[in-house]
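In what follows, a structure is listed as structure tokens, so that the remarks can point back to it.
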Amino acid sequence: MARVDFTFGGLDLTTDDRLLEPREWTHEQSTWAADLLPQLPEGPVLELCAGAGHIGLAGVRGSGRRLVAVDREELAAPTIRSNAERLGLTELVEVRRGDLSEVIAPDERFAMVIADPPWVPTAGIGRFPQDPPGAIDGGDDGLSVASQCLAVIAEHLLPEGIALLQLGTLDQVAALDLPGDLVVDEVREYPRGVLARLSRLSRAAGSSR
Ligand SMILES: C[S@@+](CC[C@H](N)C(=O)[O-])C[C@H]1O[C@@H](n2cnc3c(N)ncnc32)[C@H](O)[C@@H]1O
């Protein structure tokens, strides 16, 4: 395992050079999560497509909430555990290796879901030769893993919970086929990607009153 140390939002963390290189801008997703968590119902946080786990760990740090971090890549699990240990969060972090559609029990519910799926259409992944294909390949339309994430969110988000989904472009957010009663209630755009906040229709309607 080729360890690479990096700084993320001021935190000293580690990754493996065979995983996607963490992007500093994605700390915006952690910050947004941390800002929202105090308003959310009790319950754990689920991080889908966690990679080195930095986004979820930085988001829940200080909240006292349990974090379930999911990634199918074998190298991700020891990396997330190592980062949890660095942050003193070992007792609160559970790592699950596997396909995100298969590792959540039917009765599990989460106050927040953080998701960072691959979003590059398969035909375009050659433009990013430095990135592991499995970390960026989002299928024909770039949204196949994002769709899997949405299905998990629709099934496992608490009624008053919130999900934060990272994608590449505003057009991708507009193209999402939202399952169940999920709605996008805010989108933030950055030079290298976008973050969409999702909730259930009942929550979104309540918050606008
Ligand atoms: C865009 S990378 C993001 C990784 C990390 N969040 C980061 O910021 O570097 C996508 C991650 O999703 C994982 N992944 C892709 N498809 C998956 C699936 N079906 N189930 C679980 N993990 C998946 C990849 O292994 C990769 O680590």
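Any read-out appearing in this document is the output of simple, stated calculations on the displayed coordinates, not a laboratory observation. Predicted model, so just to flag it, every value in this text is computed and none were measured. Because the Cβ atoms are built from the backbone with ideal geometry, glycine has one as well, and the counts that use them run over all protein chains shown.
Summary of the geometry: the stretch 144-158 and the stretch 1-60, compared by the centres of their Cα atoms, lie 19 Å apart. Taking Lys and Arg as +1 and Asp and Glu as -1, the other residues whose beta-carbon sits under 10 Å from that of W119 total -3.
What length, rounded to one decimal in nm, is gained on full extension from E155 through to R18, with 0.36 nm per residue of separation minus their alpha-carbon distance? Result: 46.2 nm gained on full extension.
Modelled spin-label separation between F6 and T122, with each label point placed 7 Å from Cα along the Cα-to-Cβ direction: 2.7 nm.
Each residue, R97 and R109, gets one label point 7 Å from its Cα in the Cβ direction; the gap between the two is 3.2 nm.
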